[in-house]
Each structure stands twice: as structure tokens, then as C-alpha cells.
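Heads up: the structure comes next, in C-alpha cells.
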């Protein structure tokens with residue numbers, strides 16, 4: 001049995017997440033792009049790859065950046081998102097240390113359209129953002145980032161349209177193959193050991209290059225982990241005049257008293273309080289499998305047909321243990337920062353009756369799986385006309401991959417907590433618990449649990465007809481139409497036992513599951529001292545790590561619940577998805593476009609101009625079924641559970657919109673090797689799929705003040721943007737350039753969420769009526785534990801009171817008020833906002849020395865910054881931040897090396913917490929990666945390499961309205977790998 005303890009040093013246990021990032025791997029050769037005007041250069045090595053990307057940028061019809069594979073089946077980074085962040089204006093989000101989603105020019109993942117060979121791909125997260133963690137890079141030949149709009153590109157990318165290009169055999173005739181193997185040592189895991197990565201690509205052409213086949217596959221295992229410090233649920237924020245004096249009418253649940261405070265916020269201030277402090281230790285296993293088959297046939301020179309199938313699967317299994325102290329908002333004594341935005345440096349509560357010290361665990365798994373079947377035929381009808389038809393049917397599904405569901409938590413607790421306090425003065429929240437360090441396994445009992453199953457399926461059927469007609473000496477015209485249908489079906493069901501007060505008796509659990517030899521080490525970022533506190537507390541240094549299966553089996557055998565899952569006892573998930581949330585959304589879009597292209601000269605200055613118009617029409621239909629409720633039950637000191645009726649509520653809602661979107665791109669070479677560009681376009685960014693789902697889902701647990709929930713809005717309009725771009729590029733050497741660009745985006749229809757306050761018939765709040773008021777008057781206390789105990793002792797004969805099960809039902813007979821629900825609902829804002837910024841980039845190689853440097857810096861500004869002083873939701877842009885990258889490159893004598901530095905400034909990552917309209921900020925983060933490789937002279941085509949990712953072991957931190965309001969601080973570790981690749 002293992003026991004989790006905490007060390008003294010912040011670096012070892014500050015619980016910060018290391019965000020890993022892959023670095024460029026050396027390679028060679030070239031691949032085509034989808035623009036016939038782009039020159040194709042066959043070169044080798046790192047330098048050759050950079051030249052190719054530079055040539056795409058220089059020859060493009062607008063502002064385009066790209067990254068290119070350096071060899072067939074070999075990409076600079078093992079993760080495409082981590083490669084994309086090297087491009088100016090591009091920043092990434094990471095999940096468990098690995099690149100996941102991209103933000104471009106301040107617009108978050110939902111507003112950057114990702115296509116695969118020009119095809120829209122399905123996603124299953126409820127957002128529109130493609131998760132790059134699901135796709136390996138072995139079959140990728142390049143990625144294009146279109147920062148200005150062209151009529152031929154599909155809509156949805158206000159920040160950019162990102163097109164992933166895969167290998168096609170007829171574009172690179174002959175036999176080509178590559179095979180690679182890598183062993184990774186991830187320092188974040190406590191399990192230790194190396195994990196494998198295998199990849200390969202085979203490509204060949206036959207029958208005088210009329211027929212081609214390409215097969216690629218990859219497999220990766222990764223064992224990783226992290227340690228986190230969290231303020232779970234989030235922070236609750238109030239005006240400074242709010243306190244806990246219910247008699248005076250100035251109280252809200254979570255409000256702090258006027259007395260017992262140091263530097264208490266007052267009128268003109270706002271303040272925030274934490275809901276719970278959690279330390280969480282997580283292990284994760286991932287298996288990613290990718291494959292692609294491409295068949296091409298060119299019976300005559302004028303016709304090329306392509307049939308391809310792409311498969312992606314990503315299995316992720318997670319286990320965790322945590323320890324937490326839930327603040328009950330009993331009268332608290334605190335030390336505050338200065339206003340007007342006040343935060344507790346010390347937040348502390350003392351309890352009249354012992355509260356729980358919770359220790360929970362989880363063991364669950366999910367599978368992300370997708371397949372895309374596509375067909376393309378290109379016909380050169382004559383010298384002037386080219387027609388292309390493309391069709392694909394793609395399916396993606398996220399589903400449970402464990403007998404215990406797609407998420408779960410099984411909690412135990414010892415009711416020993418006489419007080420609790422957290423020190424928020426440093427980066428790490430330091431938790432102290434009165435009586436916590438004296439806890440023993442004999443104190444523990446099983447409490448509540450949640451076993452959840454969720455599955456999401458997305459299907460896309462898309463048909464596109466594109467044409468190009470070249471006029472004699474008068475430019476050309478591009479035209480086309482597209483029909484796209486996107487179906488999203490999301491279902492979820494929870495088996496939730498609300499026995500948070502505990503079942504059984506202390507001592508029932510086997511000591512073998514709770515080792516008695518716990519090591520008591522101090523855990524603190526500040527020397528283990530609450531010297532500024534108002535009481536005496538013990539720094540928490542103990543938690544038990546126990547076997548999930550053993551405790552679950554024991555609990556299932558002894559504490560079977562009437563809340564049943566498939567196993568019939570409440571300690572497993574349900575696959576009866578139709579019994580709970582069931583939502584289906586269909587989005588049908590029709591588009592037609594035309595674009596005129598013309599090139600000529602002004603004096604000795606060649607120029608080209610592209611004028612386009614795209615019409616888009618979209619219809620949305622959403623049908624949902626959600627669980628109904630007909631009552632409430634006060635099941636714990638601070639928990640009011642909703643009682644399910646067993647009924648389903650069905651709703652269907654519709655929405656539609658259409659847009660006419662113009663664009664113009666103008667490029668001119670004013671002097672040799674100096675390009676100036678100007679562009680204007682109107683673009684839209686569609687709402688995420690979750691926001692346009694119909695139906696209202698209420699949280700199954702409320703607090704003494706209110707319940708929560710969410711509702712979608714299929715009538716939402718897209719974000720609209722008028723875009724202006726100007727750039728200058730100087731290509732002063734074959735592999736060197738410098739560029740500067742300015743962009744200006746005037747946007748409207750931002751989506752913001754508002755809490756719609758509503759009540760429901762039959763849903764009463766038992767913490768408001770006659771029984772509650774009598775208890776408060778008799779005891780002189782509003783402490784929930786004291787109030788509930790008084791009701792049990794004195795109103796046992798009341799029909800609403802169930803002493804045996806420790807519950808109090810909401811009841812009209814007791815004059816309970818209707819429970820208020822804050823329903824989080826998205827809507828379009830009438831406000832407009834301007835986002836503008838500058839992009840600077842340089843790429844320079846120092847002659848034949850082999851040394852080169854790549855650097856870029858992006859500045860992004862918005863006139864709609866989030867105002868932390870306001871307590872309502874605001875249409876501020878998520879993901880807006882400055883970014884910078886610097887890469888030092890060396891390549892000579894078969895030796896290649898790169899050292900890469902990536903930095904992203906602080907940004908708003910969410911406008912809400914579980915507590916409502918409270919912001920979340922991801923703090924500034926930087927990372928250093930390196931890669932080294934060597935071509936073995938004795939074996940042609942064999943390369944060995946070494947990689948180090950996040951070698952300085954940086955961590956991430958997220959905070960709320962102020963730096964002191966930490967929400968998450970996560971740490972993993974560096975990743976190192978060695979491998980070899982053979983190409984022929």
C-alpha cells in the first residue's frame with residue numbers, strides 16, 4: 001500500500017504542472033501544398049524545411065505561414081500543436097504537459113477552423129476546437145495557417161484557418177519509406193520506466209506512376225502524472241457590504257462577518273472567498289493509434305482520383321487520489337489584501353462541531369476515436385478550366401473506456417476537522433486543518449460517490465465542388481459550392497450517492513487500505529508557519545492513498561444504494577443514457593463562392609490582387625431530453641440534493657442565419673525581394689456546439705442559497721469580424737527573411753453568459769422555512785451543522801424530517817421558499833470590440849557556419865478587457881495574450897541541434913467558474929526544449945536522436961480576480977526521449 005505525503009520544498013511538492021512541448025526533429029525532403037501558385041523546392045535538412053516554409057509564405061495569395069515536414073512521414077515535432085506555436089501569432093493550450101489546442105492572434109481555439117486537406121473535421125468536446133493530441137505527425141506533410149481570408153476557404157476561422165496536409169503518393173513518385181522508434185522517460189509519473197513510440201510510412205507508385213499507394217501508422221504509449229493544488233469549485237465574490245448577518249438582510253451564503261477580520265473589505269470594495277482547498281495526485285496512461293491509407297489513380301494526365309481513409313484513436317486512463325477541506329462558510333476570521341479587489345491572505349474557519357476531512361479517489365477511462373473516408377477527383381477539362389469534386393464522411397466519438405465509467409469519484413472522510421485555514425500569500429495555497437494530522441485509518445468512513453458516463457458523437461458529411469477558369473491575359477476566376485451537415489449527439493448519465501455525511505461507522509474499513517505508517521512531513525511553501533493567522537492550526541501533512549477497487553467492492557457489498565447503476569448497488573456507472581441528458585443538434589450549411597484573381601505590374605513592380613465573395617446560410621435544429629425533478633432533500637450541512645422524478649423533459653429549438661462575406665487581398669513586390677501586402681475581409685466564427693444545444697440541465701446538488709444549471713441557445717449568432725491586414729516582408733537571403741505585420745479586427749456578436757434566476761414548482765429550499773427559522777432562533781446560530789441537529793432533535797415527527805437517513809425534505813407545508821436556480825445561459829452581446837496587434841518575425845542563417853536563429857514576437861491588444869471589479873459576465877475575449885518564440889538551430893556534418901524557447905503572457909482562459917461569473921487567468925508561462933540528432937554515416941538513411949522537453953520543469957498556475965485567488969497550480973516534470981529513424 002502507498003501513502004502520499006508532502007515534502008518541504010516548493011519545487012518538489014508545490015503541485016505545479018509542467019507543460020511539455022515537443023521540439024523539432026531533423027529531417028529532409030519536400031511535399032506539395034494545395035496552392036498551384038506555390039513553388040515546390042526539394043531540399044534537405046532543417047534548413048531545407050525552413051526554406052520551404054518561407055517560400056510558402058512568400059508565394060501565397062494572402063498572409064500565410066506554414067511549417068513543413070523535412071522528410072516523407074517525418075515532422076519537426078511529435079505534436080502538431082507544439083510545432084504551430086513556433087509561428088508568429090500562434091499560441092497553444094496544453095493538457096497534461098502536451099500541446100492540445102491553438103489560439104491565433106488572440107482568438108481562442110473555437111475561432112480557429114482546423115481542416116484536414118481542406119475538409120472540416122468532427123470534434124466531440126462540445127467546442128469547435130480540434131484537439132491536436134489525437135493526431136500523430138508521421139503522415140503529415142505540412143500545415144498552412146491562413147491569417148487572411150480567401151473566398152475558397154470555409155468559414156469559421158476568425159483568427160485563422162489551419163489546413164493540415166497529408167502525404168499523397170503521386171505527388172512524390174517512387175518508393176519512399178521511413179520507420180522510427182522512440183523510448184520516452186516522463187519524469188512526471190511516479191510509476192517510472194520508459195514507454196514506446198513506433199511509426200512508419202510506406203509510399204510507392206506503379207504503372208508508370210499512374211497508380212500510387214501510401215500507408216502510414218503510428219503507435220504511442222505514454223505514462224504521465226501530475227500533482228495539483230486547487231481551490232475546487234472556485235471563488236465566490238461579493239460586494240464589500242455583504243456579510244453573514246441574515247437578520248440584518250446583508251447576508252449571502254459565503255459572506256464573511258464584520259468582526260474577527262484584519263483589513264476587512266468594505267463599501268466600495270469587492271471580496272472573494274474560497275470554496276474548498278484540494279491537493280490532488282494523478283496518474284495517466286495514454287495509448288494513441290493513428291493510421292492512414294491513400295490510394296491514387298491517374299488514368300490520363302487530366303484526371304487524378306484519390307481515395308483516402310484516416311483513423312485516429314486516443315485511449316486515456318486516469319487514476320487519482322486527493323485530500324480536501326470544504327469550507328462551510330461558518331463564521332470566519334481572515335486577513336485581507338487591500339481593496340478595491342480584496343482577497344484573503346489567510347482564510348480560516350473554526351467549527352462548533354467536527355467537520356469532514358475528505359480523501360477521495362477515482363479510476364476511469366475515455367476513448368477518443370474518429371474515422372474519415374474521403375474521395376476526390378480533379379479534372380483538367382481543358383487548358384483553361386479545372387474542376388474538383390471532393391466528398392467525405394467523417395465520424396468522431398468520445399466514449400467511456402472503463403467499467404467504472406468516463407469519470408468518477410469515490411470519497412471517504414474522517415470527521416475530525418475542528419478548524420480549517422488556507423494561506424494564500426504565496427503561489428502555493430497551504431492548507432492547515434485542526435485535528436487533521438492526528439487522523440488515523442480508524443477515523444475513516446465511506447461518504448458520497450459519483451460514477452458518470454458520457455458519450456459524444458459527431459458526424460460530418462461534406463460535399464464540395466470547386467473550379468478554376470483561366471482567362472487569356474485577364475487573370476482567373478475561382479468558383480464553387482459546398483454542402484455541409486454536422487450532427488452532434490451528446491449523452492450523459494450520473495449515478496450519484498449523496499451520502500456526504502458518511503455511511504457505516506469509523507473503524508469499519510480495513511486498515512490495510514489505509515496504511516498506518518504515514519510519514520508526517522511538513523508541507524508548506526512558507527516554512528510551515530501561519531504566523532499571520534488568528535488561531536493555531538496544524539499544517540496538513542497527511543493523506544491516505546488507498547486501493548480504489550478494494551474500497552469500492554467493500555462499499556458496494558455493505559452500503560448498497562437505491563441509486564442504481566448497471567451493477568445494481570450505486571457504486572458503478574449506468575449505460576442507460578436515455579434516462580438522463582440526451583441532446584442532438586444538427587447544423588446544415590450551404591455555401592457558394594466566387595473569387596477573381598489578377599496579376600500584372602505597376603512599373604517594375606509585379607503585383608497580384610484577389611477579390612472574392614462567399615455566401616453562407618446555416619440552419620440549426622436542437623432537440624434535447626433532460627432529467628426532471630420533483631423535490632429537494634437537505635442531505636448534508638451545505639448540500640441540498642434534487643430528487644429525480646424519473647420523467648424526461650423534451651425540447652426542440654431552432655435557429656438560422658446567413659451572411660455575405662467579401663474579401664480582397666493585394667500583394668506587391670515593391671523592390672526585388674520586398675513584399676507588401678494589404679487585405680480586407682469579413683469573417684464569422686460560429687458558436688460552440690455546447691452553446692447551441694437546447695435544454696436546461698440542473699445540477700443535482702444545490703447549496704443553502706441556490707442551485708445551479710445551464711441551458712443552451714440554438715438561436716445564437718456567430719461572432720462577426722471585419723478584418724484589416726498589412727504586412728511587409730524582406731527576403732534578403734535564400735534562407736533568411738524579416739517581416740512585420742499589423743492586423744485590426746472589428747468584432748461584434750460576442751457571446752457572454754448570464755445567470756437567469758428562476759424557480760421550479762415543487763422545488764423548495766428546506767434551509768429557509770419554519771423549521772430552519774425555529775432552529776436559528778433557538779440556538780442563536782446559523783451554522784448548518786447546528787441547525788440540522790436541532791431540527792433532528794426537535795422535529796423528528798415532522799413529515800419532512802428523516803432522522804434515520806439524515807435528510808430534511810423541502811416542503812410547502814413548512815413554509816419553505818422555492819429554491820432559486822441560477823441557470824447559466826449564453827446570449828449575443830450588443831457590444832463590439834476591436835482587437836489589433838503586431839507580428840514581428842525573423843529567420844536568419846549565418847552563412848555556411850550551420851548556425852541559424854528563428855524568432856518572432858506578437859503583441860495583441862483589445863479594447864474589451866475583463867474588468868475584475870464587476871460581478872457580472874462580460875464579453876471579454878478568451879485567450880488574448882502576447883507571445884514570443886526563439887529557436888537556435890545548428891546543422892552541419894550530419895549533426896543537427898535545436899534549442900527552442902516559447903513564452904506566452906498571462907491570458908483570460910474562462911469568464912466563469914463553477915461559482916458563476918468569476919474569471920480564470922492562466923499566468924505567464926515559458927518553456928525550453930531541445931533536440932539533438934546525428935546521421936550515421938555508416939548506414940545511409942539512419943538517424944539517431946535525443947529530445948528533452950520542458951527541461952527546466954516549469955509549472956502552471958491559474959488564478960481568479962486577483963493573483964492571490966489561486967484556482968490551480970499543477971506540476972509534472974521534464975520528458976526525455978531517445979530514438980532512431982531509418983529512411984529509404
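See the values below:
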| read-out | value |
| --- | --- |
| Candidate set: region 946-978, residues that are touching a helix residue (DSSP H, G or I) at 6+ places or on another chain (Cβ under 9 Å) and assigned to a strand (DSSP E or B); chosen: the one surrounded by the fewest Cβ atoms within 10 Å (Cβ to Cβ) | 971 |
| Candidates 448, 504, filtered to the one that is over 26 Å from residue 646 (Cα atoms) and at pLDDT below 95 | 504 |
| Subset tally (residues that are at pLDDT 85 or above, in contact with a strand residue (DSSP E or B) (Cβ under 6 Å, 6 or more places away or on another chain) and in a loop (DSSP other than H, G, I, E, B)) for region 537-572 | 4 |
| Looking only at region 883-898, and only at residues there that are without any contact (Cβ under 8 Å) to a residue 40 or more places away in the chain and under 30 Å from the mean Cα position of the chain (by Cα), the one that is surrounded by the fewest Cβ atoms within 10 Å (Cβ to Cβ) | 888 |
| Those residues of region 221-246 which are farther than 24 Å from residue 910 by Cα and touching a helix residue (DSSP H, G or I) at 6+ places or on another chain (Cβ under 8 Å), in sequence order | 246 |
| Residue that is nearest to residue 272 (Cα to Cα), among those in region 924-945 that are free of Cβ contacts under 8 Å to residues at least 40 places away in the same chain and surrounded by 17 or more Cβ atoms within 10 Å (Cβ to Cβ) | 928 |
| Members of region 685-712 found to be outside any strand (DSSP E or B), within 23 Å of the chain's Cα centre (by Cα) and surrounded by 21 or more Cβ atoms within 10 Å (Cβ to Cβ), listed by number | 686, 687, 688, 689, 691, 692, 693, 694, 712 |
| Region 355-392: number of residues that are touching a helix residue (DSSP H, G or I) at 6+ places or on another chain (Cβ under 9 Å) and under 30 Å from residue 550 (Cα atoms) | 6 |
| Yes/no for residue 676 being surrounded by fewer than 14 Cβ atoms within 10 Å (Cβ to Cβ) and in contact (Cβ under 8 Å) with a residue 12 or more places away in the chain | no |
| Sole residue being in contact (Cβ under 8 Å) with a residue 12 or more places away in the chain, within 30 Å of residue 679 (Cβ to Cβ) and under 33 Å from the mean Cα position of the chain (by Cα), chosen from 578, 591, 550 | 591 |
| Near pairs, Cβ below 7 angstrom, 6+ apart or cross-chain, from region 422-437 (at positive phi) to any residue that is part of a strand (DSSP E or B) | 435/416; 435/417; 435/418 |
| Condition broken by residue 436, with the remaining ones in (1) touching a strand residue (DSSP E or B) at 6+ places or on another chain (Cβ under 8 Å); (2) surrounded by fewer than 20 Cβ atoms within 10 Å (Cβ to Cβ); (3) within 29 Å of residue 956 (Cα to Cα) satisfied | (2) |
| All positions within region 584-598 that are buried (at least 19 other Cβ atoms within 10 Å of the Cβ) and within 16 Å of residue 128 (Cβ to Cβ) | 585, 587, 589 |
| Among the candidates 220, 261, residue that is in contact with a strand residue (DSSP E or B) (Cβ under 7 Å, 6 or more places away or on another chain) and under 30 Å from residue 973 (Cβ atoms) | 220 |
| Any strands (runs of 3 or more DSSP E) falling wholly within region 151-231 and containing at least 3 residues that are within 24 Å of the chain's Cα centre (by Cα) and surrounded by 19 or more Cβ atoms within 10 Å (Cβ to Cβ) | 160-166 |
| Candidate set from region 862-880 (those that are at pLDDT below 90 and either surrounded by fewer than 16 Cβ atoms within 10 Å (Cβ to Cβ) or farther than 20 Å from residue 746 by Cβ (or both)); member that is farthest from the chain's Cα centre (by Cα) | 863 |
| The lone exception for residue 575 - which of (1) farther than 24 Å from residue 319 by Cα; (2) not in a strand (DSSP E or B) it fails | (1) |
| Where a residue in region 179-198 is at pLDDT 90 or above and its partner, wherever it lies, is not in a strand (DSSP E or B), with Cβ under 6 Å and at least six apart | 183/194; 185/194 |
| Selection count where residues are surrounded by fewer than 17 Cβ atoms within 10 Å (Cβ to Cβ) and assigned to a strand (DSSP E or B), scope region 336-387 | 12 |
| Region 276-287: number of residues that are more than 24 Å from residue 222 (Cβ to Cβ) and surrounded by fewer than 21 Cβ atoms within 10 Å (Cβ to Cβ) | 1 |
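Here is a yes/no grid of residues against (1) part of a loop (DSSP other than H, G, I, E, B); (2) under 24 Å from residue 106 (Cα atoms); (3) in contact with a strand residue (DSSP E or B) (Cβ under 8 Å, 6 or more places away or on another chain):
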position: 865; (1), (2), (3): yes, yes, no
position: 874; (1), (2), (3): yes, yes, yes
position: 877; (1), (2), (3): yes, yes, yes
position: 880; (1), (2), (3): yes, yes, yes
position: 884; (1), (2), (3): no, yes, yes
position: 889; (1), (2), (3): no, no, yes
position: 899; (1), (2), (3): no, no, yes
position: 918; (1), (2), (3): yes, yes, yes
position: 930; (1), (2), (3): no, no, yes
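Yes or no, residue by residue, for (1) crowded, with 22+ Cβ neighbours inside 10 Å; (2) at pLDDT below 95; (3) part of a strand (DSSP E or B); (4) within 29 Å of the chain's Cα centre (by Cα):
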position	(1), (2), (3), (4)
265	yes, no, no, no
271	yes, no, yes, yes
289	no, yes, yes, yes
295	no, no, yes, no
310	yes, yes, yes, yes
329	yes, yes, no, no
333	no, yes, yes, no
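The values are calculated or read from the model by the stated rules, or taken from the named source; none is laboratory data. Please read these numbers as outputs of a predicted model, since none were measured by experiment. Cβ coordinates were reconstructed from backbone atoms using ideal geometry, including for glycine residues, and neighbour counts include every protein chain displayed.
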